[in-house]
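Asker: Quick one: the structure is below, and I'll ask about it shortly.
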Amino acid sequence: MAAVAGVTNPAGAAGPPDVSGPADAAAPPVRVLIVDDDALVRAGLSMILGGLPDLAVVGEAADGGEVPAAVAAYAPDVVLMDIRMPRVDGLAATEALRAQPHPPEVLVLTTFDADEQVLRALRAGAAGFLLKDTPPAEIVRAVRRVAAGEATLSPTVTRTLIAHVTAAAPGPVGPDPRRERALRLLTGLSERERQVAVALGRGHTNAEIAGELFMSVATVKAYVSRLLTRLELNNRVQVALLVHDAGLV
């Protein structure tokens with residue numbers, strides 16, 4: 001495939017990590033675009049992902065400004081997006097990408113855990129984040145989860161993010177548009193949906209919610225899916241942040 005300006009289409013590298021979970025031979029590989037201004041990081045991620053039968057690194061970009069052309073050229077399913085880049089950062093690129101119809105999923109890459117920039121990326125619709133020192137096998141599993149439509153943040157990380165927001169953002173003086181929007185959206189939920197949303201805001205797992213609300217895990221999953229549809233959100237972490245914005249946790 002011809003390269004887009006500033007964007008490369010690397011050949012698959014040998015030596016991927018030994019990751020459990022055999023690929024479905026009937027399914028096409030998950031197409032991955034790597035966006036990072038560090039060529040060594042791009043090469044490392046390509047080596048980790050490129051040789052696996054169910055994953056294919058279809059392209060690379062060195063700056064967020066190259067993302068639209070790269071996505072148009074390579075049609076990735078998942079974009080690994082660095083946050084800090086010199087011209088157009090990953091936050092702006094993620095916000096622009098997720099605003100498009102039928103965008104790929106985005107996993108942001110960062111050296112900071114629970115950073116305000118991560119929160120902004122999650123609000124924009126990123127499916128999760130990876131620290132750059134994440135073990136290779138965990139990176140592979142995260143890409144697979146995101147491609148399957150799952151958020152990559154554990155309940156523990158969700159709690160950390162919510163705590164970070166609480167500590168970093170004291171209540172504003174006067175009207176708060178974000179809080180008013182969150183309350184308006186949550187007011188339209190049924191009582192049971194609202195209970196599930198608040199439990200997500202506390203970082204609870206599906207099993208914990210099931211025990212707390214006397215539901216089956218399958219019923220909790222159905223409620224979570226319904227919440228995402230009704231609130232027009234991408235993942236359960238965005239629900240948790242919306243609940244926080246409304247002041248319910």
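Asker: Restricting the search to region 175-195, which residues are exposed (fewer than 15 other Cβ atoms within 10 Å of the Cβ), within 17 Å of residue 225 (Cβ to Cβ) and free of Cβ contacts under 8 Å to residues at least 24 places away in the same chain?
Answerer: Within region 175-195, just 190 meets the criteria.
Asker: Being in contact with a Phe, Trp or Tyr (Cβ under 8 Å, 6 or more places away or on another chain) and open to solvent by less than 40 Å² (accessible area, probe 1.4 Å) is the filter here, so list the residues in region 27-51 that pass it. Give the derivation first.
Answerer: The first filter runs over region 27-51 and keeps only residues in contact with a Phe, Trp or Tyr (Cβ under 8 Å, 6 or more places away or on another chain), leaving 31, 33.
Correct list: 33 only.
Asker: Quick one: how many residues across region 196-215 are open to solvent by 60 Å² or more (accessible area, probe 1.4 Å) and more than 23 Å from the chain's Cα centre (by Cα)?
Answerer: Initially, region 196-215 is screened for residues open to solvent by 60 Å² or more (accessible area, probe 1.4 Å), giving 202, 207-208, 212, 214.
Keeping just the survivors that are more than 23 Å from the chain's Cα centre (by Cα) gives 212, 214.
Counting residues in region 196-215 that are open to solvent by 60 Å² or more (accessible area, probe 1.4 Å) and more than 23 Å from the chain's Cα centre (by Cα) gives 2.
Asker: Return the pair list, or none, for Cβ contacts closer than 6 Å from residues in region 230-245 that are under 17 Å from residue 209 (Cα atoms) and open to solvent by 30 Å² or more (accessible area, probe 1.4 Å) to residues that are hydroxyl-bearing (Ser, Thr, Tyr) and at pLDDT below 85, at least 6 apart or on different chains.
Answerer: Within 6 Å, no pair qualifies.
Asker: Do the conditions hold for residue 111, that is, is it among the β-branched types (Val, Ile, Thr), within 28 Å of residue 239 (Cα to Cα) and open to solvent by less than 60 Å² (accessible area, probe 1.4 Å)?
Answerer: Values: among the β-branched types (Val, Ile, Thr): yes; within 28 Å of residue 239 (Cα to Cα): yes; open to solvent by less than 60 Å² (accessible area, probe 1.4 Å): no.
It is false that residue 111 is among the β-branched types (Val, Ile, Thr), within 28 Å of residue 239 (Cα to Cα) and open to solvent by less than 60 Å² (accessible area, probe 1.4 Å).
Asker: For region 127-146: of the residues being under 16 Å from residue 36 (Cα atoms) and assigned to a loop (DSSP other than H, G, I, E, B), which is least open to solvent (accessible area, probe 1.4 Å)?
Answerer: The qualifying residue least open to solvent (accessible area, probe 1.4 Å) is 134.
The values are calculated or read from the model by the stated rules, or taken from the named source; none is laboratory data. None of the values given here were measured: they were computed from a predicted structure. Quick reminder, even Gly has a Cβ in these numbers, built from the backbone with ideal geometry, and neighbours come from all protein chains shown. Quick note on the areas: whole protein, heavy atoms, side chains included, nothing else; ligands and nucleic acids left out. Shrake-Rupley method; radii C 1.70, N 1.55, O 1.52, S 1.80 Å.
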